[in-house]
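S.K.: One structure coming up, written as structure tokens, with questions to follow.
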Amino acid sequence: AWVNYNQDDTLGAVLILKKDEVENIGVNPELGRDRRLKISTLKVSPSKWGSKIGEVLISLSIREAINQGHEEIYLTHYVESKEDVLVELIETYGFEKVSEEIDGESIFLKRLTPNQGDNPTPLETTQKFYPSFYEGNNVNKYLVPVQPKFHNKLFPTYPDRDATLDEFAGEFQSEGNAIKKAYLSGAKNRKLEEGDILLFYRSGDNMEVTSLGVLEEVKYGLTNADSISRIVGKRSVFTQRELQDIAETNTTVLLFRWHFDLNNPISYEQLQEEDILTAPLQVMSEITDEEYKYIRKEGDVNGRFALD
């Protein structure tokens, strides 16, 4: 179980998992006794809404399923209305209603990889079968530089990051909690498309490739800070003042899903040795399939979820 408390010691959020669940589930239709990870409890108090802690709990469930060798995750839930907050959250990450219990309770199930015979598009792969992603020739791959102060906020699971003062005070960082994140750039590249792979490079200090994400949506040529703020919501690492400064020039907004941190970050020196970079990365740069595959393999990203 994972439990979070509010500052007044009331319950903020809770996740309870049961591994190796092999009970018969569902009556309409019956789903049988396949080995699955069960989410027994997933609750977020209204005081934590907007903090993206629900995405943290989904991510924890998925990572636990990976560690335990599960292919499927499920939970049961009484759906009370068409605007059910939990249903909206879990469907975003590939849970689908597949059956009901005898009392009408809905069963939502998620697979981590496609079934044999499935043929999802690159974007469908990341949306429905997250954390799986498509890495074939139909998508481009990019190295994306992130300054350390923003990298700390965007990728909180990076082991060499510095904690912020807010974190020491027990505050959640919504931009870091989110699986869906936002990156803003003044780059003039307009070739980016949904499903492209983004390899994030921590510039300035450690100078290494740290994380892998998949582009879900791109907006070009934005020059209004309020418009940018509405698009990125609480997924941006920038303050409103910083957004005002950024919006003074044409801005590209990348909405992406974080999939994996590299178990072995790839240093600038390694990138130099492989002729992937000739100088420290300053702007977003497209790389070849071969260069990408080197980074993914040497970075020890789980190949089980890299589909082609």
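The values are calculated or read from the model by the stated rules, or taken from the named source; none is laboratory data. Source: prediction; values computed, not measured. Don't worry about glycine lacking a Cβ; one is built from the backbone with ideal geometry, like all the others, and counts go over all protein chains shown. Just so you know, the surface numbers come from the protein's heavy atoms only, side chains and all, with ligands and any DNA or RNA stripped out. Shrake-Rupley method; radii C 1.70, N 1.55, O 1.52, S 1.80 Å.
S.K.: Show me 116-126, 258-268, 4-14 ranked by packing, highest mean number of other Cβ atoms within 10 Å first.
M.R.: 258-268, 116-126, 4-14
S.K.: In terms of the ratio Rg/(2.2 N^0.38 Å) built on C-alpha atoms, what value belongs to the chain?
M.R.: This ratio for the chain stands at 1.04.
S.K.: In region 166-281, carbon and sulfur make up what percent of the accessible area (probe 1.4 Å)?
M.R.: After summing per-atom areas, the C and S share lands at 42 percent.
S.K.: Here's a follow-up. Tell me the carbon and sulfur percent of the accessible area for region 31-119, rounded to whole percent, probe radius 1.4 Å.
M.R.: 45 percent
S.K.: Hey, can you rank 180-190, 272-282, 146-156 by average C-beta count inside 10 Å, highest first?
M.R.: Put in order of decreasing packing, that is 146-156, 180-190, 272-282.
S.K.: Next up: What net charge do the residues around Gly221 carry, taking every other residue with its C-beta under 12 Å from that of Gly221, with Lys and Arg at +1 and Asp and Glu at -1?
M.R.: Net charge in that neighbourhood comes out at +3.
S.K.: Continuing with the same structure: Kindly report the accessible area of the chain per residue (heavy atoms of protein chains, probe 1.4 Å, no ligands, DNA or RNA), in Å².
M.R.: Per residue, the chain has 50 Å² of solvent-accessible surface.
S.K.: Tell me which lysines have Cα within less than 16 Å of Lys180's Cα, excluding those fewer than 8 residues away on the same chain?
M.R.: Lys52, Lys128, Lys153, Lys219, Lys234
S.K.: Now, a different point. Roughly how many nanometres apart are two label points built 7 Å out from the Cα toward the Cβ at Asn189 and Asn24?
M.R.: Output for this residue pair reads 5.4 nm.
S.K.: Mind checking the full-extension length gain between Ser45 and Lys97? Use 0.36 nm per residue of separation minus the Cα-Cα distance, one decimal, nm.
M.R.: Stretched fully, the Ser45-Lys97 segment lengthens by 16.4 nm.
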